[in-house]
Amino acid sequence: MTTGASTPSFSTRPRRSRVRTFLPLGIAAWLVLEIWLLTVVAGAASGFVAFLLLLAGFVLGSVVIKRAGRRAFQNLNEALQRGGSPSSGGGNGLMMLGGLLLMIPGLISDAVGLFLLIPPVQKAVGRYAERTVDRKLREAASGGLGDAFQQARIHRPDGKVVQGEVIRDEPGAQGDAPQEPKPPLTR
């Protein structure tokens with residue numbers, strides 16, 4: 001028995017974004033490149049020199065993260081004492097990212113981490129990130145974050161939207177008729 005509705009010939013599954021498609025491939029290629037470069041350095045110098053390079057990167061990264069975290073905490077305390085909001089991160093986030101990249105074992109991540117510790121690079125990357133976030137927020141649907149949460153709550157799993165509002169009848173409100181006594185909950 002047919003209902004007259006045609007079945008779609010294409011898959012109803014949403015299309016994956018490029019980032020979700022290529023991110024695992026990029027991470028795998030990065031890991032292979034890191035391991036290959038470590039073996040080349042270990043073969044050219046020695047395994048001990050490669051180990052010392054990784055250890056130095058880890059120690060330097062932990063110092064950078066500690067310093068950037070301390071600076072961010074001081075900025076927050078100063079802003080709270082002034083009674084205002086904290087100013088922009090001042091590169092603390094990028095310093096922490098650079099320190100994290102230094103702590104990750106690998107020479108390429110160390111080079112990128114050291115590159116992020118250079119102040120002009122921090123300013124350029126910070127401006128680029130700010131412009132990108134601003135552009136993405138402008139492209140997003142109108143409304144605030146509260147609207148997004150409300151939209152997420154009113155969507156049902158099947159995709160249908162249920163619009164409405166909740167009205168509560170409070171006892172003792174004006175215009176209410178006297179209510180009958182209710183039986184006790186326990187017997």
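Nothing in this text is a laboratory measurement; each read-out follows from the coordinates by a stated rule. Bear in mind the structure is a predicted one, so any value in this text is a computation, not a measurement. Cβ atoms come from the backbone with ideal geometry, glycine included; neighbour counts cover every protein chain shown.
So the values come out like this:
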read-out: Potential lengthening between Lys182 and Val133 on full extension [0.36 nm per residue; Cα-Cα distance subtracted]; value: 11.9 nm
read-out: Under 15 Å, Cβ to Cβ, from Asn77 - net charge with Lys/Arg +1 and Asp/Glu -1; value: +2
read-out: Extension reserve of the Val40-Gln74 stretch, reckoned as 0.36 nm per residue once the Cα distance is removed; value: 8.0 nm
read-out: Separation in nanometres of the label points that stand 7 Å from Cα toward Cβ, at Arg20 and Ile108; value: 2.5 nm
